[in-house]
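Just below is one structure, and these are the notes that go with it.
The values are calculated or read from the model by the stated rules, or taken from the named source; none is laboratory data. These figures come from a predicted structure and were not determined experimentally. Ideal geometry is used to build each Cβ from the backbone, glycine not excepted, and the neighbour counts take in all protein chains shown. Accessible surface is based on the protein model in full, side chains and every heavy atom, while ligands, DNA and RNA are left aside. Shrake-Rupley method; radii C 1.70, N 1.55, O 1.52, S 1.80 Å.
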Amino acid sequence: MITGYGRFMTIELNARLRDAGLRVTGQRLAALRALDEHPHSDTDEVHRRVREEFPGFSLQATYAVLNALTDAGILRRIEPAGSPARYERRIGDNHHHVVCTRCGAVADVDCVHGEAPCLAPSSTGGFEISTAEVTFWGLCPECQTARSSA
Ligand SMILES: [Zn+2]
Ligand SMILES: [Zn+2]
């Protein structure tokens with residue numbers, strides 16, 4: 001969107017929060033906006049962006065906002081091994097992630113078969129499987145460039 005964050009998106013976010021039974025606050029909207037613009041941000045990154053609008057907003061409060069939004073099903077939390085938890089607005093589609101082993105950059109990988117759980121485990125131990133969460137690891141394009149010019 002060329003004009004950035006429009007009125008329409010704000011209305012949509014308001015509705016999302018209310019549907020989840022959460023009070024609409026400027027800080028919550030700012031956190032959601034930050035994640036719309038920068039998916040897979042960690043708490044520090046979200047905090048930095050929310051603070052641009054709300055200078056006194058603490059890191060602790062950012063944690064609380066992200067937890068509340070995740071509990072309400074508005075955000076998805078991903079926790080790649082060895083990296084802080086990251087958040088995104090793309091929820092409910094069982095997509096996976098690829099993580100750069102060098103710089104930690106994260107990108108989305110669509111569900112391989114288009115629907116959850118996308119993978120067929122060889123044995124489920126009697127569980128009825130609903131979703132799968134796969135983390136692929138590798139080098140992001142920037143790190144590949146850095147490697148070949150090193
Ligand atoms: Zn990288
Ligand atoms: Zn994602």
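Is it true that Cys103 is closer than 25 Å to His47 by Cβ and outside the structural domain of Arg28 (by TED's automatic domain parsing)?
So Cys103 fits the description; yes.
If you scan region 50-80, which residues turn out to be assigned to a loop (DSSP other than H, G, I, E, B) and either within 16 Å of ligand 1 (Cβ to nearest atom) or without any contact (Cβ under 8 Å) to a residue 24 or more places away in the chain (or both)? Reasoning before the result, please.
Restricting attention to region 50-80, the residues satisfying the condition of being assigned to a loop (DSSP other than H, G, I, E, B) are 54-58, 72-75, 79-80.
Pro55, Gly56, Ser58, Glu79, Pro80, listed by residue number.
Could you tell me how many of the residues in region 42-59 are open to solvent by less than 50 Å² (accessible area, probe 1.4 Å) and either at positive phi or out of contact with any His (no Cβ under 9 Å at 6 or more places or on another chain) (or both)?
Step one: list which residues in region 42-59 are open to solvent by less than 50 Å² (accessible area, probe 1.4 Å), which gives 42-43, 46-47, 50, 57.
This time we only want the ones that are either at positive phi or out of contact with any His (no Cβ under 9 Å at 6 or more places or on another chain) (or both), so: 42-43, 47, 50.
Selection size over region 42-59: 4.
So, in region 75-108, of the ones that are over 13 Å from the mean Cα position of the chain (by Cα) and at pLDDT below 90, which residue ends up nearest to ligand 2 (Cβ to nearest atom)?
Looking at the filtered set, the residue picked out is Ser83.
What's the number of the condition Phe136 fails, among (1) open to solvent by 40 Å² or more (accessible area, probe 1.4 Å); (2) modelled with pLDDT of 90 or more; (3) more than 21 Å from Ser41 (Cβ to Cβ)?
That leaves (3) as the condition not met.
Consider Arg90 carefully, then state whether it is in contact (Cβ under 8 Å) with a residue 40 or more places away in the chain, more than 16 Å from ligand 1 (Cβ to nearest atom) and open to solvent by 40 Å² or more (accessible area, probe 1.4 Å).
yes
Would you confirm whether any residue within region 122-131 is more than 30 Å from Val24 (Cα to Cα), touching a Cys at 6+ places or on another chain (Cβ under 7 Å) and free of Cβ contacts under 8 Å to residues at least 60 places away in the same chain?
no
Within region 24-41, restricting attention to residues that are open to solvent by 40 Å² or more (accessible area, probe 1.4 Å) and over 21 Å from Ala107 (Cα atoms), which residue is modelled with the lowest pLDDT? Please lay out each step first, then the result.
Keep residues of region 24-41 that are open to solvent by 40 Å² or more (accessible area, probe 1.4 Å), which gives 24, 27-28, 33, 36-39.
Going one step further and asking which of them are over 21 Å from Ala107 (Cα atoms), we end up with 24, 27-28.
Numbers: Val24: 90, Gln27: 94, Arg28: 94.
Selected residue: Val24.
From Ala64, Ala81, Ala85, which residue is closer than 19 Å to Thr131 by Cβ and open to solvent by 40 Å² or more (accessible area, probe 1.4 Å)?
Numbers: Ala64 fails: closer than 19 Å to Thr131 by Cβ; Ala85 fails: open to solvent by 40 Å² or more (accessible area, probe 1.4 Å).
Just a single option satisfies the conditions, and that option is Ala81.
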